[in-house]
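The values are calculated or read from the model by the stated rules, or taken from the named source; none is laboratory data. Not measured: the values here are computed from a predicted model. Here the Cβ is made from the backbone with ideal geometry for all residues, glycine too, and neighbour counts use every protein chain on show.
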Amino acid sequence: MITLSHYLFLSMILFALGVTGLMVRRNAIILLMSVELMLNAANLAVVAFARFRPAPASADNGMVLVFMVMAVAAAEVAIGLAILLNLYRQRRTVNADELNVLKG
Amino acid sequence: MENGQGIITAFSTAEPFRWVGLVWLVPLFPAAATLLNGLLGRKVIRYRTGQLATVAMLGALIVSLLCIWDIARTGQPYNVDYFIWIGVGDFQLPFGFYVDQLTAVMLFVVSFVGTVIFLYAIGYMHGHPGYWRFFTYMPLFAVMMFLLVLGNSLPVLFVGWEGVGLCSYLLIGYFFDRDYAAQAGRKAFIVNRIGDFGFLLGMLLLYWTLGSVRFTDIVEHAPDIYPAGSVMITVITLLLFLGATGKSAQIPLFVWLPDAMAGPTPVSALIHAATMVTAGVYMIARLNLLYSLAPISLLVVGTVGALTALMAATIAFTQREAKRILAYSTISQLGYMFLALGVGAFDAGIFHLMTHAFFKACLFLSAGSVLHAFHEDRDVDIFQAGGLRRYMPMTRLAFLVSAVAIAGIPPFAGFFSKDEILFEAFAGGYILFWGIGLTAAFCTAFYMFRLYSLLFSGEFRGTEHQRRHLHECPFIMWFPLVILALLSLVGGWVNIPGLFPKFHAFLRPVFAEAHELAGPHRELAGARIWEISLALLSVLVALTGIFAARLCYVQLPKLPHWFAETFPSLFIASLHKYWIDEAYQATVVKGFYSACRLAQWCDNRIIVAGLNAFAALIRHLSEIGTQLQTGYVRHYALAIVIGVVFLLIGMLL
Amino acid sequence: MNNFAVPILGIQGIMPELLLSLAAVLILLLEMTAGDREGHGALSLSVAGLILAFIATFGADGKQVFSSLLVNDNLSALLDRVFLMAAFLVTLVSRPYLANYGLAKGEFFVLLLLATVGMMVMGAAMDFITMFLGLEMLSLSLYVLAGFFKKDVLSGEAAFKYFILGAFATGFLVFGMAFVFGALGTTNFAAMAHTLSAGSPPFPSVPTLLFGLALILAGLGFKISLVPFHTWVPDVYTGAPTPVTALIATGSKAAGFAALVRIFMITFPGSFQFWGAAFWWLALLTMIVGNLFALVQVEIKRMFAYSSVANGGYLAMAFLSHSDVGIKALLFYLFAYTFMTVGVFGVVSLAGRRERLLISEYAGLSRENPFLAAVMSLFLLSLAGMPGTAGFFGKFYLFAGAVRSGYLGLALVGILTTILSFYYYLRVIVYMYMRESEMPREALELAGSGRTALVLAAAGVLILGCFPNLIWISIEQVF
């Protein structure tokens, strides 16, 4: 039987993948994807908790949180891509390691 | 805390109406003038700024007189809190005013002399660029000075204290396109910071040990908390006195005042002679109870005052510039006031403060009208002047009256106050102080009449061009001179010992407790014969000084040559009129420089080196640290992850 | 439990937010129809919206609106005023600044207003859902604003870094929220506090809740730029358009603290024993790192960035005090900090036609533009904590609060690092007044709104410095 722990474990793995991705990858698009992965890991955790929590769980407002996160994530991606596009126009690259004029 | 109900209760008490309740209007008038002149002065009000400011001062004077009348009538001090100023938990500091007899005297001096000087400044500053700016800062100064004397706690006093300082720097640097003025402003700023450091520290210690910084609480609790002569009260009072030496230009922090003469003359008269520089005297008089609990501090105050009085007077001997001489004279007279405080004669000190405000303001304004005649705004070389009595009779008369007053000739104001200080010193058994004071009195008479003689007697020694332009100042300038000269004449009559001791009777409630604590020596005061003979002696000394000055600079101008022929050894001294100056230069200044060099050496070797090493270490750390900021996003992400891990460990384990 | 009965009258509870949003929409419409080239129309509409919203904040009645998603209490009203003031001053500075670059477009003001709405929602949030919504509204607007100079390489890089790291931090925050939700079964703060006080233990165990709270702390730590979550600060502050920097440094940071107070002090007051010790170290590090790294900076915005980190550390110390005085000191310092920080960044924005980015370029400013030099000195002295300025009482209350809560060591470090900060603050004054400029530059004519903003900020600094109780009284009403 699949328990809450399984879901949470999966969620943790997804989250860790996202965190690791952000630290090791250089392509800015992939960084964006890693961040989305983290948000989805959180969504998975919320849904799992809502499903497995004993009563009296008002699971519905947890679901609202999930929908809100999904909607906002879409907006975030839109803005992120716009920023990346602009960056690409300026420098002809999306390699995050080349973006270090600002430092010190 | 009730939201701002303090304001309402302050104005709607059930107590019967008292005129002194209007005291909040006193700073409000000049504040309004500052606001109007500052906002509209440049474009709209322009040359009416002076009149506006003067009218505001007049308003403050009228309200002050009402308050004083009320205090004199009822004899009851008036304490009011307007609103909670700083409140943290149980630390509640209200902003409020305290009016008693001492405040009343200060209110009168500030508002009266202020009004007269503002009036004078309308004429004096006429045609100066930035006229409106001058009349923005001047009322602001008045506001701050009123806060200083009215504040009912040390922090309120400190706001005024800093405020008058700020206005002083602004006004010293009024001609800020000139280097010397900017430098003088800076010097005053730095020297006063040292004093303020002492003041703040003293205030903090007081709060720490007494639990309050309000004057009423201090009077109530200080005798219970500090045993007379205890270390804590001595330290507190000495620290506060350090603040006073900065503001009131005493040894060792007096050096800024002569340079402060770079400001316009009305500023010198109001701020650097009549009011601001007396703030130190006022502060100590206000805290008289604390000082009378600390005999050592009182002795220090008296010693510093006596030494300053003598030193400044001797320096004044050899200066060439009129305002500079008056500046040293101010330092010397302030020394007298501290001498009075030091021997426990607080009322005598305040009395001298008042008479000094009259005659010193008058002297400065007269010097100002000489400058006006010379078309100068900095200072005038007295050896390039002379014979001015023919050209400026009113100025000369005013100057003469106030010079006689400061020299201490009866029945002029200075005689009564100065003589009282000397008598109190003598009666208190401080014979050395008395001797120093008497010597300084001789010096005062001498340099004052040296100045008078070189300015007004003899023949004019300046250029022909200057001579043709010499003229008496306009009415708006000589009228204030006449008023002040009149007060220099009659100002002392409010306290004639034995016959009419009104002033002391008026102030008695303020100092009664301190006098009780300070000592029984005042019983000698009954010895009338001593009093009269000492008075005669000091008059004699003053007359000698005047006579000597007239002899050297008017009757026998050839006296130096005669000296030169008879005593070749003194030839050099008489040839170089600055022999004393050079001696002073050689001993005091050189010695001071060597001391400075020594200090500097120590400073460089030990303190600076240590500091440098420390600074280098910090800088090194900083440089290494900032290299962590690589600019790579993944490094930043790593830092965040480290933070998260740290928090997780911290919270879960 | 009837969650679908939306109270219609709840609208009045979000009046300030509505007014601002309305102003934003009107600006967009104006932009489309009239073609507001110089941004004057957008400026007027923004100012009108901000002032109306400010007035509307006085209608706080302490009620929860929209099914307890938002609360309209004294705390949120006070915070709203901080946000609105920051936004107001930044708006005034922005128009002349943008016009100087030919970029005074309406959408800048729209984004600025929306960011402010985000802050206000965050300050009033009583639920993870609204808090997240506010945070994202604020962040997304600021990401775009940071990259507003599309041609500028630094602005683009700043936007990218801010975006990626911000989203990263949001990821932690949301993950944390998921676990707190899991532990307590609700996203509503009041319900959470109720659940805990009713004695029902977190599900499945206490660590679940703590895990969630730790991640939320980290996510908000990013917003308030606590070390080591501060790494984005210097880069973003330097690269972003200066008025945007001002908003990030003040409003955004204040919103972060608002969320911290709501979650950790009001909802979970008992959690202090778990995060107190770790947070102590972070506050300590933040004060030290911020002040230390500011010392060697040559670029002025980068220096102020580190200074802002340091100030975040002082605020964190007050937050840590979790005493009555401490939290009030935090609110007071937010006011003071807003005035002085918007002030310095305002001066940096308006100091010349080409921005003066290096500290050495401020040499001779006192001669070129005495007004700018004077107000800049005032703001710097206030940041350094000079008596008579807002910064003095701000620090006074902070340190008093810390000492009262027994954090003597932390307060001592705070005072020592404050002394360290004199060095880099006063250095700018020395440059302005005592060094001659090597090459005189074309002065930017100080347009009306820019000057007004600086005068207002200076007045704020002085008024708070002389009469701290004016604000303190309204702070006393919060708790």
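Brief remarks on what is shown
- C:LEU215 satisfies every condition listed in (1) within 13 Å of chain B (Cβ to nearest Cβ); (2) under 23 Å from the mean Cα position of the chain (by Cα); (3) at pLDDT below 90 except (3).
- Neighbours by Cβ (under 8 Å, 6+ apart or cross-chain): first from region B:345-359, part of a helix (DSSP H, G or I); second modelled with pLDDT under 90 and of a type in the set (Asp, Glu): B:ALA348/B:GLU420; B:ALA348/B:GLU424; B:PHE351/B:GLU420; B:HIS352/B:GLU420
- Any hit, region B:102-114, residues being hydrophobic (A, V, I, L, M, F, W, C), surrounded by fewer than 24 Cβ atoms within 10 Å (Cβ to Cβ) and within 14 Å of another protein chain (Cβ to nearest Cβ): no
- Counting only helices (runs of 4 or more DSSP H) that sit wholly inside region B:96-185, those with at least 3 residues that are of a type in the set (Phe, Trp, Tyr) and in contact (Cβ under 8 Å) with a residue 60 or more places away in the chain are B:101-124, B:131-150.
- Top-ranked residue of region A:88-104 - restricted to ones that are basic (Lys, Arg) and part of a helix (DSSP H, G or I), ranked as surrounded by the most Cβ atoms within 10 Å (Cβ to Cβ): A:ARG91
- Hey, B:ARG286 under 17 Å from B:MET106 (Cβ atoms) and of a type in the set (Lys, Arg) or not: yes
- Restricting B:GLY429, B:GLY462, B:GLY414 to those that are at pLDDT below 90, in contact with a Gly (Cβ under 7 Å, 6 or more places away or on another chain) and in the same structural domain as B:GLY302 (by TED's automatic domain parsing) reduces the list to B:GLY414.
- Taking region B:398-477 and the helices (runs of 4 or more DSSP H) fully enclosed by it, the elements with 3 or more residues that are aromatic (Phe, Trp, Tyr) are at B:413-427, B:431-456.
- C:LEU284 being within 14 Å of chain B (Cβ to nearest Cβ) and touching a Phe, Trp or Tyr at 6+ places or on another chain (Cβ under 7 Å): no
- B:ALA373 vs. criteria crowded, with 24+ Cβ neighbours inside 10 Å, touching a residue at least 12 places away in the same chain (Cβ under 8 Å) and in a helix (DSSP H, G or I): no
- Condition check for C:SER366: within 12 Å of another protein chain (Cβ to nearest Cβ), in a helix (DSSP H, G or I) and farther than 23 Å from C:LEU78 by Cβ: yes
- Scope region C:86-104; condition over 20 Å from the mean Cα position of the chain (by Cα), of a type in the set (A, V, I, L, M) and assigned to a helix (DSSP H, G or I); matching residues: C:LEU98, C:ALA99
Residues are listed down the side, and each one gets a yes or a no for (1) of a type in the set (Asp, Glu); (2) at pLDDT 85 or above; (3) surrounded by fewer than 14 Cβ atoms within 10 Å (Cβ to Cβ); (4) not assigned by TED's automatic domain parsing to the domain that holds B:LEU119:
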| residue | (1), (2), (3), (4) |
| --- | --- |
| B:GLY38 | no, no, no, no |
| B:VAL44 | no, no, yes, no |
| B:VAL55 | no, yes, no, no |
| B:ALA60 | no, yes, no, no |
| B:CYS67 | no, yes, no, no |
| B:ILE71 | no, yes, no, no |
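- If the condition is being more than 14 Å from chain B (Cβ to nearest Cβ), within 16 Å of C:ALA167 (Cβ to Cβ) and among the β-branched types (Val, Ile, Thr), then region A:58-104 contributes A:VAL69, A:VAL72, A:VAL77, A:ILE79.
- Residue match in region A:37-54 (condition: over 14 Å from C:PHE168 (Cα atoms), facing another protein chain (nearest Cβ under 7 Å), in contact (Cβ under 8 Å) with a residue 40 or more places away in the chain and crowded, with 21+ Cβ neighbours inside 10 Å): yes
- Note on region C:126-209: enclosed helices (runs of 4 or more DSSP H) holding 2 or more residues that are surrounded by fewer than 22 Cβ atoms within 10 Å (Cβ to Cβ) and more than 7 Å from chain A (Cβ to nearest Cβ) are C:189-197.
- Of all the numbered requirements in (1) touching a helix residue (DSSP H, G or I) at 6+ places or on another chain (Cβ under 7 Å); (2) among the hydroxyl-bearing types (Ser, Thr, Tyr); (3) more than 14 Å from every other protein chain (Cβ to nearest Cβ), B:THR74 misses one, and that requirement is (1).
- Test: residue in region A:79-87 that is exposed (fewer than 15 other Cβ atoms within 10 Å of the Cβ), without any contact (Cβ under 8 Å) to a residue 40 or more places away in the chain and part of a helix (DSSP H, G or I): yes
- Of the residues making up region B:626-653, those that are surrounded by fewer than 18 Cβ atoms within 10 Å (Cβ to Cβ), β-branched (Val, Ile, Thr) and within 7 Å of chain C (Cβ to nearest Cβ) number 1.
- Just one of the numbered conditions (1) within 28 Å of C:LEU357 (Cβ to Cβ); (2) within 14 Å of chain A (Cβ to nearest Cβ) is not true of C:TYR101: (2).
- Selection within region A:1-13 - away from chain B (no Cβ under 14 Å) and surrounded by fewer than 20 Cβ atoms within 10 Å (Cβ to Cβ): A:MET1, A:ILE2, A:THR3, A:LEU4, A:SER5, A:HIS6, A:TYR7, A:PHE9, A:LEU10, A:ILE13
- Here C:PHE83 clears all of (1) of a type in the set (Phe, Trp, Tyr); (2) closer than 30 Å to C:THR186 by Cβ; (3) over 23 Å from the mean Cα position of the chain (by Cα) except the condition numbered (3).
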